[in-house]
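Colleague: This structure is in structure tokens; I'll ask about it shortly.
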Amino acid sequence: MSQPYEPMPKITRQVPKLSELKPLLGFQGPTLKPAARRLSRAFTIADLRKIAKRRTPRSVFDYTDGAAEDESSLARSRDLFTQVEFEANVLRDISKVNLETTILGGPSSLPIALAPTGFTRMMHYQGETAVAHEANNARIPYSLSTMGTTSIEEVAKLTPDTQRYFQLYVWNDREASTALIERARDAGYQALILTVDTAVAGNRRRDVRNGLTIPPKLTPSTFADMAMHPSWWANLLTTAPLEFASLTNWEGTVAEMINKMFDPTVSFEDVAWLRSIWPGKLVVKGIQSLEDSQRALDVGADALLLSNHGGRQLGRARPPLRLLPEARRKLGDDVEIFIDGGIMGGEDVIACLALGADAAFIGRAYLYGLMAGGYLGVRRAIDILRTEMRRTMQLLGVSDVKDLGPQHVHLT
């Protein structure tokens with residue numbers, strides 16, 4: 001015979017006190033800056049990309065977002081990052097995490113550097129000024145491009161507390177190239193980054209279809225775009241003309257400029273020439289094979305940047321992440337190896353470090369932040385990467401970036 005159920009005790013109700021309600025209320029005061037409001041809703045680099053797409057004209061966004069040919073080079077890089085498997089250790093003290101490291105002999109608060117990007121003021125009127133400013137605040141290295149829209153000297157003033165590098169394209173006019181190198185030396189740049197994967201321009205189909213020119217021209221389609229992005233156009237038209245800081249202004253497409261101005265005869269002998277005239281660190285950017293990695297070191301490079309130009313040059317290029325562990329095994333532990341291409345989060349950076357990179361160079365990720373909100377957007381991108389790197393290391397059971405290694409990662 002079943003036992004009778006005991007009656008449920010009565011729950012006493014009461015009117016809550018204001019002091020008890022306050023901790024439950026999630027309301028915050030209004031944010032007056034529109035950019036800050038937008039960025040407060042960005043929790044990943046992908047979120048910044050979505051905001052950037054809404055904030056900038058299509059041709060400008062596509063220039064940053066796109067890649068060469070069918071864009072499979074970029075897609076392969078991203079796909080490879082998604083195939084990375086982490087192997088975590090537990091029961092480790094991860095109460096404190098050290099993300100500080102040394103890059104090219106100088107300190108960096110994070111194991112990343114901001115990569116060189118051209119035409120940066122086209123993405124947002126604050127351009128390199130915003131990016132260099134935030135790199136200096138974060139104490140991470142900043143790389144200025146030959147095709148930058150802010151001068152070598154001005155960027156030097158903006159980065160008194162962090163490392164600055166100058167990225168070089170060798171032009172047909174060697175005297176002009178030499179003059180840039182001398183200006184970078186005189187302005188205290190610690191490293192020269194020679195980009196070697198642009199003998200000719202890659203076929204960036206989005207730019208061709210959009211008819212992108214530098215600077216953007218006012219056409220019937222751009223007038224229509226103006227209606228959709230009035231603030232971008234207002235900023236472009238009411239600030240200094242969009243032009244290159246290191247060369248005479250150019251009017252035409254990016255591909256036309258590369259094919260006219262860049263020297264297609266550049267060889268390993270030119271790396272040796274640069275070594276003879278540059279007193280600082282020399283990095284060769286655009287290494288895509290084991291053979292070239294060793295040859296670059298043999299002629300004087302101090303470090304290598306494994307890169308396929310973010311997938312923007314050779315279609316179906318091999319992902320740098322695939323080359324990375326092979327290069328580390330071949331070259332040993334004493335050579336500084338950096339990597340870029342397809343890095344869109346802190347987990348990606350940690351994977352690069354575990355597979356043998358000394359640091360990762362970030363490009364598109366901070367440009368999405370710049371387009372989304374100027375200097376605040378760049379700051380947000382760096383904050384996102386920092387937070388994701390720290391959390392990933394804690395979950396891996398690693399408290400210092402120098403302790404990351406192949407035991408923490410599998411690449412399928």
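Colleague: To the nearest 10 degrees, how steep is helix 45-55 against the longest Cα principal axis of the chain, on a 0 to 90 scale?
Modeller: Value to nearest ten degrees: 70.
Colleague: What FRET efficiency comes out for Lys10 versus Thr412 if R0 is 51 angstrom and r is the Cβ-Cβ distance? Round to the nearest 0.05.
Modeller: 0.30
Colleague: Related question: For the stretch 271-412, what log10 I(q)/I(0) values come out of the Debye formula at q = 0.10, 0.12, 0.14, 0.17 1/Å, with one point per alpha carbon and no solvent?
Modeller: So the normalised log intensities work out to -0.37, -0.54, -0.72, -1.01.
Colleague: What residues have an amide H closer than 5 Å to that of Phe244, excluding those fewer than 5 places away on the same chain, when H is modeled at 1.01 Å from N in the peptide plane?
Modeller: For Phe244, whose amide H was placed from the backbone, the distant partners under 5 Å are Trp250.
Colleague: Answer with one residue from Leu48, Ala67, Ala35: the one whose Cα lies farthest towards the positive end of the charge dipole of the stretch 29-74, charges on Cβ with Lys, Arg +1 and Asp, Glu -1.
Modeller: Of the options given, the answer is Ala35.
Colleague: Considering the dipole of the chain built from charges on the beta carbon (Lys and Arg +1, Asp and Glu -1) around the Cα centre, which of Ile350, Ala381, Pro7 is farthest to its positive end?
Modeller: Selected residue: Pro7.
Colleague: Provide the packing ranking of 203-210, 85-92, i.e. peptides ordered by the mean count of other C-beta atoms within 10 Å per residue, highest first.
Modeller: Ranked by mean Cβ neighbours within 10 Å, highest first: 203-210, 85-92.
Colleague: Where does the charge balance sit around Gly363 when Lys and Arg score +1, Asp and Glu -1, over other residues with C-beta under 14 Å from its C-beta?
Modeller: That sum, taken over residues with Cβ under 14 Å, equals 0.
Colleague: If you don't mind, there's one more thing I want to ask. If the only charges are +1 at each Lys and Arg Cβ and -1 at each Asp and Glu Cβ, what is the size of the charge dipole of the stretch 302-363 around the Cα centre, to the nearest 20 debye?
Modeller: Around 440 debye, computed over the stretch 302-363.
Colleague: Do any trypsin sites (Lys or Arg not before Pro) in the stretch 267-316 lie in a DSSP loop with no more than 14 other beta carbon atoms within 10 Å, and if so, which?
Modeller: Sparse-neighbourhood loop trypsin sites (Lys or Arg not before Pro): Arg316.
Colleague: As I understand it, the value is the acute angle between the Cα axis of helix 127-138 and the longest principal axis of the Cα atoms of the chain; what does it come to in degrees, rounded to 10?
Modeller: Helix 127-138 and the main axis of the chain meet at about 60 degrees.
Colleague: Loop only by DSSP, 12 or fewer other Cβ within 10 Å of the Cβ. Give me the trypsin sites (Lys or Arg not before Pro) in the stretch 36-89 that pass, ordered by residue number.
Modeller: Sites meeting the loop and neighbour criteria: Arg41.
Colleague: Is there a quick way to get the dipole size of the stretch 80-164? I mean about its Cα centre, with the Cβ of Lys and Arg at +1 and of Asp and Glu at -1; what is the value in debye to the nearest 20?
Modeller: 120 debye
Colleague: Sticking with this structure for a sec: Could you size up the charge dipole of the chain around its Cα centre, putting +1 on the beta carbon of Lys and Arg and -1 on that of Asp and Glu, and report it in debye to the nearest 20?
Modeller: My answer is approximately 1840 debye.
Colleague: May I pose another question? Ignoring any ligand, DNA or RNA, what whole percent of the accessible area of the stretch 255-412 comes from carbon and sulfur when the probe is 1.4 angstrom?
Modeller: Answer for the stretch 255-412: carbon and sulfur cover 48 percent of the accessible area.
Colleague: Calculate how steeply helix 320-331 sits against the longest principal axis of the alpha-carbon atoms of the chain, using the helix alpha-carbon long axis, and give the answer as 0 to 90 degrees to the nearest 10.
Modeller: With both axes taken from Cα atoms, the answer is about 70 degrees.
Colleague: Restricting the calculation to Cα positions, tell me the Rg (one decimal) and the Dmax (whole number) of the chain in Å.
Modeller: 24.2, 104
Colleague: Cross-link candidates for Lys260: which aspartates and glutamates have Cα within less than 20 Å, leaving aside residues fewer than 8 places away along the same chain?
Modeller: Leaving aside aspartates and glutamates fewer than 8 places away in the same chain, those within reach of Lys260 are Asp173, Glu175, Asp197, Asp207, Glu243, Glu251, Asp270.
Colleague: Still on this structure, please answer the following. Pull up all non-local amide H partners of Met147: gap of 5 or more, or a different chain, and H-to-H distance under 5 Å with H placed in the peptide plane.
Modeller: Amide H neighbours of Met147: none.
Colleague: Would you kindly derive the ³J(HN,Hα) couplings of the stretch 94-110 from the backbone phi angles with the Karplus curve 6.51 cos²θ - 1.76 cosθ + 1.60 (θ = phi - 60°), listing them in order in whole Hz, with x for Gly and Pro?
Modeller: Values per residue, Gly and Pro as x: 10, 5, 10, 10, 9, 9, 6, 8, 10, 10, 6, x, x, x, 9, 6, 9 Hz.
Colleague: Moving on to the next point. Round to a whole angstrom and tell me the spacing of the C-alpha centers of the stretch 83-120 and the stretch 284-350.
Modeller: Between the Cα centres of the stretch 83-120 and the stretch 284-350 lies a distance of 17 Å.
Colleague: Over the chain, what is the percentage of antiparallel beta bridges among all DSSP beta bridges, to the nearest 5?
Modeller: 25 percent
Colleague: Any chance you could list P(r) for the stretch 84-215, counting all Cα-Cα pairs in 5 angstrom bins from zero, rounded to whole %?
Modeller: Values per bin, smallest distances first: 2, 9, 16, 18, 16, 13, 10, 7, 4, 3, 1, 0.
Colleague: Taking only C-alpha pairs under 8 Å that are 6+ residues apart, what is the relative contact order of the chain in percent?
Modeller: Computed value for the chain: 27 percent relative contact order.
Colleague: Run the accessible area of the stretch 113-159 with a 1.4 Å probe and give the carbon-and-sulfur part as a rounded percent.
Modeller: Ligands and nucleic acids excluded, carbon and sulfur give 48 percent.
Colleague: Excluding ligands, DNA and RNA, what is the solvent-accessible area per residue of the chain at a probe of 1.4 Å, expressed in Å²?
Modeller: For the chain, the per-residue accessible area is 48 Å².
Colleague: Using just the helices of the chain, give the 222 nm mean residue ellipticity in deg cm²/dmol: DSSP H runs with n ≥ 4 each add -39,500 (n - 2.57), and the total is spread over all residues, rounded to 500.
Modeller: The per-residue figure over the chain is -13000 deg cm²/dmol.
Colleague: Near the amide H of Ala201, under 5 Å away, which other amide H atoms are found, from residues 5 or more places off or on another chain, if H is placed in the peptide plane?
Modeller: Residues meeting the criterion, in which the H sits 1.01 Å from N, are Asn259.
Colleague: Near Val170, within a Cβ-to-Cβ distance under 11 Å, what is the net charge of the other residues, with Lys and Arg +1 and Asp and Glu -1?
Modeller: Taking every Cβ under 11 Å from that of Val170, the sum is -2.
Colleague: So what J values fall out for the stretch 70-87 if you push phi through Karplus, 6.51 cos²θ - 1.76 cosθ + 1.60 with θ = phi - 60°, rounded to Hz, Gly and Pro as x?
Modeller: 8, 6, 5, 4, 5, 4, 5, 4, 5, 4, 5, 4, 6, 8, 5, 10, 8, 10
The values are calculated or read from the model by the stated rules, or taken from the named source; none is laboratory data. These figures come from a predicted structure and were not determined experimentally. For neighbour counting, all protein chains shown are included, and Cβ atoms are generated from backbone atoms with ideal geometry for every residue, glycine included. Accessible surface is based on the protein model in full, side chains and every heavy atom, while ligands, DNA and RNA are left aside. Shrake-Rupley method; radii C 1.70, N 1.55, O 1.52, S 1.80 Å.
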